[in-house]
Amino acid sequence: MMETPPEVRNRYPHLSGRALGWLRHLHRKAHTPDDWSEDGTPHEWWDRYSTEPTLSFARFDLSESSYALGIMADATPAWREVYAGILEQLVERHLTFWAAYDWLTQFGPDPRRGSYPQEWIDLFIPEHLVGNYDTPGWVANGVEPWGLQKDPIGADGNLFFKGWLNLTQSLHAYVSGEDRWGAPFEVAGVERSRFEWTQHRLVEHLVGQWSANPMGPHCENTKIWPYCLTAAGLGLMLYDGVFGDDQHQTYQGWLEHTKDTYYGVGRDGALEWVTLYYDPLVEHQQITAPAFALALAFYTAPQAGEFAEYLYRAAVRSMAWDDPKSPVLSGPDPRLLALGLATAREFGDDVTEARLRDVAESRFEPRHFGEGEFGFWFNLGENWPRGQLSALAMVAEVGSPGAWRGLFNRPNLEKFSAPTVEGVDYPALGIAQACNDSEAGTLLIHTYAGAPARSGERTGFRVTGLPDPSSVQVICGGESYPDWRIEGENSIAIDLEIGERALQIYTGYHGPAKGAKPGRIRRGQRLAQAGAAAARAAGSDPAGAVIAPRTSGIALPSAPLCACCSAASLSRPAAPI
């Protein structure tokens, strides 16, 4: 267990003890082999239990777990390999039978239609169709007019599978600098079939379906969810940022087309209701109270910030979460509270954030455990932190205000041309800080013992992408550090003991060459490996700083540089489309 977090005493972004503990847990979770095939079962720590019946599938643990990883990677942009490795494992699992379990096993109408719990009926089922209508969460593969569709990506529906898959793949590309999913991969289909795709074909397919359906492609047969479409839009936005494409305009056009239909606004401008789903086959729009706008606001924030904040403020106001005189009320499912906390922090709503954080500290059961791990247990008496809910709660732990929007609106692609830490023996040696100050030409690294039992053991890592290794200086404890050597044309190797240590490496890197534009990842490219040539060509113009405070990990101490360095549902007939 990490008794005390590393003490980083400078003004640069770094990760807190909780963030480091969550990273340690995700690393073990992602790299522990388990069987997601038709013949196996995922490890019990993969959350296929939360928010039944709509999100109680293991793939949502994969996608929700990716968000904090993207923010943490922005907080330590000079060390990315650990996040890239976890994200790769998340994507690999998303291609399996258990990731598409609902589409591959739920055929035809739901046989449970006549015995749904009353709370499902109240929230999800049109009043005039009770007993003759499938609950959300039942995909009904095989029903007309589509028939049985074996491919979970190629299907007309299943938007919530392909949209989140592209988002997670785009996060992996953004962190790793590799077009890993531009190469063909196979996705599990019905009756043990397999279908070959690439991420680029997936995006073209998704955009084609979306363009052909102005109200949006559907998730389950026959339901169109603004919530899922908004998450899919995020994937397109980051895809564009990484690959230099222009696919996100599809989301933007959809939002403008549907805003007056999917959201109810009174004459006074107040939000009165939001749409859960729209079913064009029965011409029904299932609406709910403004509180649900919190879920939409979180995913909308990077894409339409002003509208997202409107949704957020309306949701918070409807529950009086921003009123210090009122108690913080929430339902039995903590998902909305976790999303509210993350979004309050994102928008810098200090009053609401403080109130929700106090409640979360008592209800979410934050706990350090094992060898340096951390998660939220939610008083469920389970063996592991509850995956989806912990992942959402961690977004508020790892991001400073604006970090979530910055990840998508200001993707840091300069990091691929900057000095980078590689070959870390993680989790034995952990990295709490790794960032380049391009004005000073310095790389700052703060290490700690990720596995305390191995403290004092010798280890090492490389720093790659150096303009001139022969001019490098390494400082630790205010003194020159001798245990390093040049290793290759653009890299050095540093030897050290496992433990807490603050290193300042004078690299001579002062940002990209003057006038250079941030490079996009070309299809088939490993941009991280192309960084060395760019580093050699880099000039001394400090304007292209690799690090910006907007992506701080948890805390930005004011000390100078150290010497070393679910509301009630409503229902109405469908609005005219």
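The values are calculated or read from the model by the stated rules, or taken from the named source; none is laboratory data. Predicted model, so just to flag it, every value in this text is computed and none were measured. Cβ: placed from backbone, ideal geometry, glycine included. Neighbour counts: every protein chain shown.
For this structure, a couple of remarks:
- Members of region 93-148 that are assigned to a loop (DSSP other than H, G, I, E, B) and of a type in the set (D, E, K, R): ASP110, ARG112, ASP134, GLU144
- Identity of the residue in region 449-473, within 16 Å of GLU487 (Cα to Cα) and under 28 Å from the mean Cα position of the chain (by Cα), that ends up surrounded by the most Cβ atoms within 10 Å (Cβ to Cβ): GLY465
- Among the residues of region 348-374, those that are on the phi > 0 side of the Ramachandran plot and among the small types (Gly, Ala, Ser) comprise GLY348, GLY370, GLY372.
- Residues satisfying the stated conditions in region 64-94, i.e. among the β-branched types (Val, Ile, Thr) and in contact with a helix residue (DSSP H, G or I) (Cβ under 8 Å, 6 or more places away or on another chain): ILE71, VAL82, ILE86, VAL91
- Residues that are farther than 22 Å from GLU457 by Cα, in a loop (DSSP other than H, G, I, E, B) and modelled with pLDDT of 95 or more within region 488-507 comprise ASN490, SER491, THR507, listed in sequence order.
- Selected residue (only one of GLY235, GLY241, GLY266 is exposed (fewer than 15 other Cβ atoms within 10 Å of the Cβ) and either more than 12 Å from VAL203 (Cβ to Cβ) or among the small types (Gly, Ala, Ser) (or both)): GLY266
Every residue, every condition in (1) under 24 Å from the mean Cα position of the chain (by Cα); (2) under 25 Å from PHE376 (Cα atoms); (3) of a type in the set (Lys, Arg); (4) in a loop (DSSP other than H, G, I, E, B), yes or no:
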| position | (1), (2), (3), (4) |
| --- | --- |
| PHE298 | yes, yes, no, no |
| GLN303 | yes, no, no, yes |
| ALA308 | yes, no, no, no |
| ARG313 | yes, no, yes, no |
| ASP322 | no, yes, no, yes |
| ARG345 | yes, yes, yes, no |
| ALA354 | yes, yes, no, no |
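- Contacts under 9 angstrom Cβ, first residue in region 244-258 being farther than 15 Å from ALA212 by Cβ, partner part of a loop (DSSP other than H, G, I, E, B) and among the charged types (D, E, K, R), 6 or more apart: GLY244/ARG520; GLY244/ARG522; ASP245/ARG520
- Of all residues in region 7-36, those that are part of a loop (DSSP other than H, G, I, E, B) have Cβ atoms under 8 Å from Cβ atoms of residues that are surrounded by fewer than 20 Cβ atoms within 10 Å (Cβ to Cβ) and of a type in the set (Val, Ile, Thr), 6 or more apart or on another chain, in ASP34/THR41; ASP35/THR41.
- For ARG180, the conditions (1) more than 26 Å from LEU55 (Cβ to Cβ); (2) of a type outside the set (A, V, I, L, M); (3) in contact with a Phe, Trp or Tyr (Cβ under 9 Å, 6 or more places away or on another chain) all hold with the exception of (3).
- Region 474-517, residues that are within 30 Å of the chain's Cα centre (by Cα), within 16 Å of LEU429 (Cβ to Cβ) and small (Gly, Ala, Ser): GLY499, ALA502
- In region 184-192 there is no residue that is hydrophobic (A, V, I, L, M, F, W, C), modelled with pLDDT of 95 or more, part of a loop (DSSP other than H, G, I, E, B) and surrounded by fewer than 20 Cβ atoms within 10 Å (Cβ to Cβ).
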